[in-house]
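S.K.: Before I ask anything, here is the structure I am working with.
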Amino acid sequence: MGDTSVKVLITGGAGFIGSNLAKRLLKENCEVRILDNFSEQIHGTNKSLDESLEGVELIVGDIRDKETVSASLNGIDTVVHLAAETGTGQSMYEIEHYEKTNVLGTLNIIEHLLQKENSVKKIVVASSRAIYGEGAYFSKEHGEVFPTERFEKDLTKGAFDLRCPHTSEFLEPTATKENAAPNPLSFYALTKQVQEQMIIMYSKILGISGYALRYQNVYGPGQSLSNPYTGIMAIFSTLARKDQRIKVFEDGKQSRDFVYIDDTVNATWNCISPERQGIGIFNVGTGIPTSIVQVANLIVKHLKSGSEIEVTGQYRIGDIRHNYADLSKAKKDLSFSPNVAIEDGLKEFLDWAKEQPIPELGFKSSLDELSKIGLLKKSSS
């Protein structure tokens with residue numbers, strides 16, 4: 001590859017988002033290096049890159065190892081920092097593991113950037129909508145409000161919706177802007193907030209470009225189907241393929257902003273592109289909320305599954321009720337607009353999933369662990 005091409009390191013690049021981003025970077029004539037430890041929870045026994053990533057340099061190593069990180073950064077122009085543990089529920093009891101991977105791993109990158117002899121001119125970090133907590137809501141009397149959390153005394157009664165902190169009226173969720181104050185409600189969310197703040201702070205100090213992308217719920221072909229913390233698309237589709245009961249927490253009306261992998265890659269490339277310089281924090285989503293029970297119904301319908309959908313009334317400590325992205329800033333300053341509606345993206349994902357071996361799903365054991373330590377509970381309604 002020529003000397004004029006951008007040299008990009010993707011930490012965690014063998015994963016779902018990273019491998020799709022690497023394909024795009026190859027098309028953009030970038031030189032691509034991947035650092036990944038091939039975590040068994042995500043990759044199973046696989047320890048190699050997809051065949052479509054021929055030409056990508058692979059370093060098998062851990063983001064927590066300072067020397068490995070430093071070696072992977074040699075000669076790199078742009079870093080895309082995706083390496084992280086991502087399970088909201090799991091983070092509440094595997095605290096040290098999440099702290100070392102997400103926080104100390106990021107510190108290893110920054111310590112390399114502080115060396116005088118380094119070539120990095122830009123860093124893009126994968127943040128998360130989780131840092132907002134509940135995000136923005138609308139009150140008829142007070143306009144936009146930001147309730148901090150839901151209370152267990154309400155959840156145990158099956159009162160899952162949020163009330164105005166001023167009047168106790170029920171609130172309507174609204175799109176959350178990037179200037180909303182962070183309010184992480186899980187340890188995972190807290191580590192993502194720390195990650196993005198470190199990257200933005202040191203980018204300013206070092207005079208390099210720095211971007212934090214607050215990804216919403218990313219899904220699509222290629223995502224892990226066996227990881228019990230990988231998201232409801234994978235979990236529900238696996239259960240549906242087995243015609244097993246799909247259990248939905250709370251009343252099923254809680255919603256998320258599901259963004260297709262191609263749109264996620266487009267937003268990320270817009271930050272990597274050599275033409276873009278500066279500092280920025282951006283939401284990456286669709287700006288459209290979809291309820292969890294709606295997702296379950298779409299999956300069952302598309303797969304023609306015999307699965308029954310059970311709304312359980314269970315709730316997890318640390319879960320939020322609603323959150324979806326306001327994309328005004330991303331459209332204006334990042335030239336990002338999503339192209340894939342959830343019905344179309346879900347069809348692409350499920351058509352791909354049907355061709356994959358049905359995995360053994362450790363979802364039940366993960367719920368048993370949460371229940372054992374008091375983080376999964378049942379409402380009385």
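S.K.: Quick one: F349 ticks every box in (1) more than 20 Å from Q90 (Cβ to Cβ); (2) surrounded by 11 or more Cβ atoms within 10 Å (Cβ to Cβ); (3) more than 20 Å from the chain's Cα centre (by Cα) except a single one, so which number is it?
M.R.: Here F349 clears every test but (3).
S.K.: Test each condition in (1) surrounded by fewer than 23 Cβ atoms within 10 Å (Cβ to Cβ); (2) at pLDDT below 95 for S186 and report the one that comes out false.
M.R.: For S186, the failing item is (1).
S.K.: Something else: For residues that are among the charged types (D, E, K, R) and surrounded by 18 or more Cβ atoms within 10 Å (Cβ to Cβ), scanning just the stretch 252-311, find the one that is nearest to N339 (Cα to Cα).
M.R.: The extreme case among them is D263.
S.K.: Let me ask something else. Which residue is nearest to K100 (Cα to Cα), if the candidates are limited to the stretch 180-198 and must be of a type outside the set (A, V, I, L, M) and part of a helix (DSSP H, G or I)?
M.R.: Ranking the candidates gives T191 first.
S.K.: From the residues in the stretch 199-218 that are part of a helix (DSSP H, G or I) and surrounded by fewer than 20 Cβ atoms within 10 Å (Cβ to Cβ), which one is nearest to the chain's Cα centre (by Cα)?
M.R.: I200
S.K.: Give just the number: which of (1) touching a strand residue (DSSP E or B) at 6+ places or on another chain (Cβ under 7 Å); (2) without any contact (Cβ under 8 Å) to a residue 40 or more places away in the chain does N29 not satisfy?
M.R.: Result: N29 fails condition (1) only.
S.K.: Please state which of the following conditions S337 fails to meet, knowing it meets all the rest: (1) assigned to a helix (DSSP H, G or I); (2) without any contact (Cβ under 8 Å) to a residue 40 or more places away in the chain.
M.R.: Here S337 meets the rest and fails (1).
S.K.: For the stretch 351-381, which residues satisfy the criterion of being of a type in the set (A, V, I, L, M), in a loop (DSSP other than H, G, I, E, B) and closer than 17 Å to R245 by Cα?
M.R.: Of everything in the stretch 351-381, those that are of a type in the set (A, V, I, L, M), in a loop (DSSP other than H, G, I, E, B) and closer than 17 Å to R245 by Cα turn out to be I358, L361.
S.K.: When both residues are 6+ apart or on different chains and their Cβ atoms are under 7 Å apart, which pairs have a first residue that lies in the stretch 151-174 and is under 19 Å from I292 (Cβ atoms), and a second that is assigned to a helix (DSSP H, G or I)?
M.R.: none
S.K.: Is it the case that P221 is assigned to a loop (DSSP other than H, G, I, E, B), within 19 Å of D326 (Cβ to Cβ) and in contact (Cβ under 8 Å) with a residue 40 or more places away in the chain?
M.R.: Taking the combined requirement at face value, the residue does not satisfy it.
S.K.: Still on this structure: Please count how many residues of the stretch 352-381 are surrounded by 11 or more Cβ atoms within 10 Å (Cβ to Cβ), free of Cβ contacts under 8 Å to residues at least 40 places away in the same chain and over 16 Å from G89 (Cα atoms).
M.R.: 0
S.K.: Inspect the stretch 316-334 for any residue being assigned to a loop (DSSP other than H, G, I, E, B) and in contact with a Cys (Cβ under 9 Å, 6 or more places away or on another chain) and give the result as yes or no.
M.R.: Yes, that holds for at least one residue.
The values are calculated or read from the model by the stated rules, or taken from the named source; none is laboratory data. Owing to the predicted nature of the structure, the values given are computational and were not obtained by experimental measurement. Methodologically, a virtual Cβ is constructed for each residue, glycine included, from the backbone with ideal geometry; neighbour enumeration extends over all protein chains shown.
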